[in-house]
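Let me begin by handing over the structure; questions about it come next.
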Amino acid sequence: MESTPPAGDGRSPVSTQAVSPPPPPPPGYLPPMYPAPPKQRGVAGKVATSVVATIFILSIVANIYAFIIFTSLAAKSETVYRDGSGPDRVVIVPVNGGIDDEMARYVRKSFKSLEDDVPAAVVLRVNSGGGGVTPSDQIWHTVDQFKKNHPEVKIVASFGGVAASGGYYIATPTDYIVCEQTGITGSIGVMASIPSVEAMIQKLGVEMNVVVADGSERKAVANNLFENWTTEDGELTEAGQENEEVLKNLLNSAWDRFVQVVDDGRPTLSTEQVKALATGDIYTAEEALENELVNQIGYLDDAVDKAIEMAGLTDADPKVTVIRQPGEGLLAQLLMGSHRSNVGSGLTDLSPDNVRTWLQDL
């Protein structure tokens with residue numbers, strides 16, 4: 001018998017029986033995960049991306065610009081206070097705030113910078129209630145030494161709202177002192193404040209045991225903060241009397257030194273007159289002028305004019321500059337070119353304290 005030929009294209013007919021399912025995956029098998037197709041961003045998304053990119057680019061440009069200004073300010077120690085057409089200049093050295101070791105370093109570096117380009121005159125602008133004995137004496141020495149090295153350079157002191165105690169001390173080597181009308185000065189004297197924490201220690205229930213070496217049995221005198229100097233009636237104890245005697249000796253020595261620098265700096269006053277004024281009292285501008293502790297009542301511009309006059313530059317129209325002083329924030333220096341930054345330190349001093357201050361300002 002002849003076989004019947006296949007229908008269609010000649011291939012075998014497809015089976016109509018159900019196809020068996022594939023074998024199950026092995027245990028623990030996880031099918032691959034495919035990310036969802038990205039969503040098409042709308043106009044708002046594109047605008048937001050452009051804004052962010054623009055801000056990023058501008059921030060880079062701003063940082064480069066700030067760095068350029070940062071570098072130029074760090075290199076420049078003086079800014080202009082008063083323009084002038086002449087070749088000479090008068091430099092203002094400000095001393096604002098408490099007198100401590102950092103202030104003494106700033107003044108020393110300031111006058112050191114003037115050694116490289118000596119001005120015609122200097123104005124020491126003082127607005128300080130004083131500070132430590134040693135830093136005050138160091139500033140005095142700096143000013144006095146510059147004056148000795150350059151006797152032709154006149155130095156005029158200008159007192160602001162207050163120039164007392166150490167603030168007056170540092171001005172004694174100058175050639176002339178101008179005090180503002182409402183300023184106070186004087187306070188020629190020395191004091192020390194020694195705390196005693198005995199009562200607090202007792203309340204805390206703590207017993208402090210102080211031991212000194214056999215060869216330095218007097219080390220604890222005036223050094224022991226854990227023993228009161230007075231009784232409940234306010235009278236000095238035996239230890240208090242001993243402590244006071246030791247400190248009095250130190251303070252009297254500092255007071256003698258204070259009297260000496262004032263006596264040397266105010267030649268119109270006798271030593272006895274200086275001692276009579278060195279009681280620690282403060283004086284108004286009028287009282288200071290009457291007692292010859294200052295030469296004139298006036299303001300900073302008056303002191304500058306006096307320095308120009310004493311330097312013989314009245315008709316020379318000199319430029320007046322200001323040395324930057326520590327204390328001004330970095331942001332103000334960058335935006336306004338402020339002069340209050342440490343000379344030889346400040347912007348160029350990347351100490352942790354300065355960095356924290358700059359970051360806080362920014």
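The values are calculated or read from the model by the stated rules, or taken from the named source; none is laboratory data. What you see is a predicted model, and the numbers here were worked out from it, not measured in a lab. Neighbour counts run over all protein chains shown; Cβ positions are idealised from the backbone, glycine included. Ligands, DNA and RNA are stripped out before the accessible areas are found, and what is left, the full protein with its side chains, is counted by its heavy atoms. Shrake-Rupley method; radii C 1.70, N 1.55, O 1.52, S 1.80 Å.
Among the residues of the range 89-117, write down those that are part of a helix (DSSP H, G or I) and among the aliphatic types (A, V, I, L, M).
So the first thing to find is which residues in the range 89-117 are part of a helix (DSSP H, G or I), and the list is 101-116.
Hits for the range 89-117 are MET103, ALA104, VAL107, LEU114.
While we're looking at this one, here's another question. When you look at VAL294, is it of a type in the set (Val, Ile, Thr), over 20 Å from GLY131 (Cα atoms) and in contact (Cβ under 8 Å) with a residue 60 or more places away in the chain, yes or no?
On the way: of a type in the set (Val, Ile, Thr): yes; over 20 Å from GLY131 (Cα atoms): yes; in contact (Cβ under 8 Å) with a residue 60 or more places away in the chain: yes.
Yes, satisfied.
Just the residues that are surrounded by fewer than 16 Cβ atoms within 10 Å (Cβ to Cβ), closer than 26 Å to ALA316 by Cβ and not charged (D, E, K, R), please, taken from the range 114-163.
Those that are surrounded by fewer than 16 Cβ atoms within 10 Å (Cβ to Cβ), closer than 26 Å to ALA316 by Cβ and not charged (D, E, K, R): VAL118, ASN149, PRO151.
Restricting attention to the range 223-251, which residues are under 22 Å from SER165 (Cβ atoms) and without any contact (Cβ under 8 Å) to a residue 40 or more places away in the chain? Before the answer, list the steps.
Quick first cut of the range 223-251, residues under 22 Å from SER165 (Cβ atoms) only: 244, 247-251.
GLU244, LYS248, ASN249, listed by residue number.
Taking into account only those residues within the range 176-191 that are open to solvent by 50 Å² or more (accessible area, probe 1.4 Å) and closer than 26 Å to PRO135 by Cα, which is modelled with the lowest pLDDT?
Narrowing the range 176-191 to residues open to solvent by 50 Å² or more (accessible area, probe 1.4 Å): 181-182, 184, 191.
Among the residues that remain, those that are also closer than 26 Å to PRO135 by Cα are: 184, 191.
Numbers: ILE184: 96, MET191: 84.
Only one residue fits best here, namely MET191.
To continue, here is another question. Checking VAL143 against (1) more than 22 Å from the chain's Cα centre (by Cα); (2) touching a residue at least 12 places away in the same chain (Cβ under 8 Å), which single condition isn't satisfied?
The single condition VAL143 does not satisfy is (1).
Now for a different question. When the residues of the range 313-338 are narrowed to those that are under 28 Å from GLU152 (Cα atoms), open to solvent by less than 60 Å² (accessible area, probe 1.4 Å) and part of a loop (DSSP other than H, G, I, E, B), which ends up modelled with the highest pLDDT? Steps first, please.
We begin by selecting, within the range 313-338, every residue under 28 Å from GLU152 (Cα atoms); these are 313-325.
If we keep only those that are open to solvent by less than 60 Å² (accessible area, probe 1.4 Å) as well, we get 313, 316, 318, 320-325.
With part of a loop (DSSP other than H, G, I, E, B) added as a condition, the list becomes 313, 316, 318, 324-325.
On the way: LEU313: 90, ALA316: 86, PRO318: 93, ARG324: 83, GLN325: 68.
Here the answer is PRO318.
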